[in-house]
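Written out below as structure tokens is the structure these notes cover.
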Amino acid sequence: MSTPRAQSNGREASAGFTLIEVMAVVMLTAIVITFAVNFFFNLTENTDRAVARTRGMRHSVALLDRIARDLESAYLLTKPEETDPLDHPWLFVADGPISSEGADRVRFISRNHRRRTTEGHASDFATVTLMLREADPGYELVRLEEPGMPYQQKREFPSDDAEGMMVMGEGIKSFSMRFMGEEGDWQDAWDSTQLLESSALPLAVELQVILLADGEELPDEEDFESFGDLGDEGEPKGAFKRHVLLPFRPIDLAALEAGGQSDGEGECISVSECINSVARQPCNAFWRAACDTVLESNAPETCIEDAENMTDGLLRWCETGGGGDPDLGDEGDGPELDNPDDPFQEPLE
């Protein structure tokens, strides 16, 4: 039989943690902290990756928008047969000295020049050059605008460090353009000064750009196979594409002058002539959408009377040659329209 003092000593000996229990607690605490730290770092990396992806997306979209605005202003006059090609300044030339997937530079006449002064007269025509040049890291897309019309054909591309060059985008991994011909085929280059595409503009341009990721560099030549890694849909990873429809079709002044001198019988206003007459006027988004719909549904040489999706307002505009406002319903101008801003509507009964 134990004494009261022995019982007290036994209780004191059992009031505590053994070494194994302490080690187990430390180990569990370390595991929890490790998982928490890893989760924090993974969350931070994913956040940084999402921010970089969003920044790259905005950069790519802004760059493609700027290129699209330039291409949509491309303008070309058909060369008369008796004119020397070197005396005909109108051109649309594109090739690819750097890119292997299409053209990476283009030179054309644009009708989108903005005057920088109010003194004197200035043309709204300019020669625009877009081209890719080497930089560190990757490539840069640069733009040169030469105001006014040259007196002779200037097919040669300027040097990439010419005076007036403006950087449109940097940190580019790849940039390419393809061009749709009249038959709907895609071409990697275009030259309106040659016999094949003489005095011709592409119907549309496909743009593709890939930006370098943060800290990424262009691969070496021996590692170039990894340059074109494909995603789940067969497209290069990180590629952004845009299809740009060129609203202006080549203008044949000789044919227009001959048509103006005829007696008016049997004349046919083509869809391309109609759209060009609308495009020369300040029009809102409704009219632009109507033009795009007609262009997508008909061949450029189709007569407007036979064209599909030709609205009454747009038809009347073309028949009047874009003179005045065809939507006001003035006497002799055609039927009155309910909403002058909407070319898709039907005329009032």
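Some observations on this one:
- Test result for Ser100, modelled with pLDDT of 80 or more, farther than 18 Å from Ala162 by Cα and in the same structural domain as Met180 (by TED's automatic domain parsing): no
- For Pro89, the conditions (1) modelled with pLDDT under 80; (2) not in a helix (DSSP H, G or I) all hold with the exception of (1).
- Cβ-Cβ distances below 6 Å connect the following pairs, each with a first residue in the range 145-170 that is free of Cβ contacts under 8 Å to residues at least 24 places away in the same chain, a second residue that is outside any loop (DSSP other than H, G, I, E, B) and of a type in the set (Val, Ile, Thr), and a separation of six or more residues or different chains: Glu146/Thr127; Met165/Val142.
- Selection status of Ala279, at pLDDT below 75, more than 28 Å from Val209 (Cα to Cα), touching a Leu at 6+ places or on another chain (Cβ under 6 Å) and not assigned by TED's automatic domain parsing to the domain that holds Leu91: no
- Residues in the range 186-197 that are surrounded by fewer than 14 Cβ atoms within 10 Å (Cβ to Cβ) and over 19 Å from the mean Cα position of the chain (by Cα) were compared, and the one that is modelled with the highest pLDDT is Gln194.
- Test: residue in the range 41-52 that is at pLDDT 90 or above and either surrounded by 12 or more Cβ atoms within 10 Å (Cβ to Cβ) or assigned to a helix (DSSP H, G or I) (or both): no
- For Ser99: the one exception among (1) under 21 Å from Ala189 (Cβ atoms); (2) exposed (fewer than 12 other Cβ atoms within 10 Å of the Cβ); (3) in contact (Cβ under 8 Å) with a residue 60 or more places away in the chain: (2)
- Ile33 being exposed (fewer than 10 other Cβ atoms within 10 Å of the Cβ) and in a helix (DSSP H, G or I): no
- Tally of residues being surrounded by fewer than 16 Cβ atoms within 10 Å (Cβ to Cβ), out of contact with any Lys or Arg (no Cβ under 7 Å at 6 or more places or on another chain) and in a strand (DSSP E or B) across the range 148-174: 1
- Scanning the range 129-144 for residues that are crowded, with 17+ Cβ neighbours inside 10 Å and either over 11 Å from Arg107 (Cβ atoms) or out of contact with any Lys or Arg (no Cβ under 7 Å at 6 or more places or on another chain) (or both) gives Leu132, Arg133, Gly138, Tyr139, Glu140, Leu141, Val142, Arg143, Leu144.
- Qualifying residue in the range 53-71 (condition: touching a helix residue (DSSP H, G or I) at 6+ places or on another chain (Cβ under 8 Å) and either among the aliphatic types (A, V, I, L, M) or within 28 Å of Phe157 (Cβ to Cβ) (or both)): no
The values are calculated or read from the model by the stated rules, or taken from the named source; none is laboratory data. Since the model is a prediction, treat every value here as computed from it, not as a measurement. Here Cβ is always computed from backbone atoms with ideal geometry, including for glycine, and neighbour counts include all displayed protein chains.
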